[in-house]
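Below you'll find the structure, written out as C-alpha cells, and then a few comments.
Bear in mind these aren't lab numbers, they're just calculated from the coordinates by the rules spelled out. Note that the structure is a prediction, hence the values are computed from the model and not measured. Counting neighbours? That spans all protein chains shown, and the Cβs are built from the backbone with ideal geometry, glycine included.
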Amino acid sequence: MSADGTAYQRAAERLCQARRVVAFTGAGISAESGIPTFRDPGGLWEQFRPEELATPEAFERNPDRVWAWYQHRRRVIAAAEPNPGHYALAAMEPHFEEFTVVTQNIDQLHQRAGSRRVLELHGSILRNHCHRCGRPYEAPNLPEERAPTCPHCGGRIRPSVVWFGELLPEDVFAEAEQAVARCDVLLSIGTSGEVYPAAGLVWQAKLAGATVIEVNPNPTELTPAADIALRGSAATVLPELLRRLCECRQKLSKAG
Ligand code: OAD
C-alpha cells in the first residue's frame, strides 16, 4: 500500500507550520538497509527467543552465547549503509528550530546519515561496558565467540544496549520526554509501538497536543494515536515528505 496524495499534503502542510519536531524511530527505518526488524514475519523475535538473548539473566547464564549473537548483529550492522529514509530525516533537521531523532535503534545509522541530535533510548551496539562494574570497555579487536573480561573487576563485558527488564538510560529518556512535550509534530516511523516505555512517548506527544504522523507500511499499536498515516516504506515516504515540505516552505517564503 502506498500513501495517498491527500495524506502527504496534510502531513507536509502540518510539518511546514511546525517549529519543533520529533522523529521517533524503530527497526522499520533500517529494514531497507538490510537490518532485520523484530516482529515482522521472519523478524529476529520469530527466529530467536528474547529471553535467551536479550535479558540480563540470559547474559548471566551464558555470556558467551549472548556475546556471539551480538557480534553477529554487529557484523550485519557494520556492513549496512543508511538508506534514503535516514538521509531524508537528516535533511529535514535544518528546516526546524528544533529537530530531535528519538530512536529505539542501536545501529547508529541516523548519526551516519548526518542527523545531529539523536537520542538513543535503547543504547548502542557499537559500545560495550562491564556488566558488573559498569565501566566502559574499549578494545581494538573484539573476540567473536567469548565475552571479554573486565580488566578492572573481572566481570564480563557486554554490549551497551538495553535488555528486557532493564531501565532505559535516565538522562536520555528525560531529554526525550522534554522534546516530546514541546514538539508540534511527532513522526512515528517504522515501529510496532509494542515496547514500553519508549512507545509511551507517542501517546505523551498526542496528549500534549502534537500532530502525530505515522510512517509505516502497516497499521500498528500506535495507529490510534496518529492524526495522519502515511502507508509505505520509510525509504519511499520520507524523501517524498521532505520534497513536499521544501515545496511548501518555498511557497511560503515567496508569499512572505
Ligand atoms: P518491530 O520489529 O517491533 O516493528 C517494526 C515495524 O517496522 C513494524 O511496525 C513494521 O510494519 C515496520 N516496517 C517494516 N518495514 C518497514 C519499512 N521499510 N519502512 C517503515 N516501516 C517498516 O521493531 P521496533 O518497534 O523497533 O528493543 O521494536 C521495538 C523494540 O523491540 C526494539 O528497540 C527492541 C525490540 O525488542 C530492545 O532490544 C530493547
Normalised alpha carbon radius of gyration of region 48-146 [divisor 2.2 N^0.38 Å]: 1.26
Long-range Cα-Cα pairs in region 167-256 (distance over 23 Å), rounded percent: 32 percent
For a label point 7 Å along the Cα-to-beta-carbon line of THR149, residues of region 118-133 with backbone N under 19 Å: 129-133
Calculated FRET value between ASN141 and ALA255, using beta carbons and R₀ = 41 Å, to 0.05: 0.10
For region 69-125, fraction of C-alpha pairs farther apart than 19 Å, in %: 30 percent
Cα-based equivalent ellipsoid of region 112-191: semi-axis lengths in Å, sorted from largest, via gyration tensor: 31, 15, 11
Lys/Arg +1, Asp/Glu -1 at C-beta; region 158-256 dipole; positive extreme among ILE228, LEU241, VAL185: LEU241
Stretch in the chain that is longest and holds no chymotrypsin sites (Phe, Trp or Tyr not before Pro) that DSSP places in a loop and that have at most 13 other beta carbons within 10 Å: 49-163
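Can you give me the relative contact order of region 199-247 as a percent, contacts being Cα pairs under 8 Å and 6 or more apart?
Across region 199-247, relative contact order equals 30 percent.
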Dipole magnitude of the chain, debye to nearest 20 (Cβ charges: Lys/Arg +1, Asp/Glu -1, about Cα centre): 540 debye
Dipole magnitude of region 101-200, debye to nearest 20 (Cβ charges: Lys/Arg +1, Asp/Glu -1, about Cα centre): 320 debye
Rg over Rh, two decimals, the chain (C-alpha only, Kirkwood Rh): 1.00
Contour excess over end-to-end distance, with Cα ends at GLN178 and ALA68 and 0.36 nm allotted per residue: 36.0 nm
Unpaired by the 4.7 Å Cβ criterion, cysteines found in the chain: CYS183, CYS246
Alpha carbon centroid spacing (whole Å) that separates region 177-234 from region 1-64: 12 Å
Size descriptor, Kirkwood hydrodynamic radius, that averages inverse alpha-carbon separations across region 14-80, Å: 14.2 Å
Computed over region 21-129: relative contact order in percent, which uses C-alpha pairs under 8 Å that are six or more apart: 31 percent
Percent antiparallel among DSSP beta bridges (both partners in the chain, rounded to 5): 25 percent
Positive-end residue, the chain charge dipole about Cα centroid, Cβ charges, pick of ILE213, PHE164, PRO197: ILE213
Efficiency of FRET from Cβ geometry, GLN17 and TRP45, R₀ 41 Å, rounded to 0.05: 0.60
Translational D in µm²/s for region 102-144 (Stokes-Einstein at 25 °C, 0.890 mPa s, Kirkwood Rh from C-alpha pairs): 206 µm²/s
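Could you compute Rg(Cα) / (2.2 N^0.38 Å) for region 91-237, with N its residue count? Working shown, then result.
Working: Rg = 17.5 Å, N = 147, 2.2 N^0.38 = 14.7 Å.
The reported ratio for this selection is 1.20.
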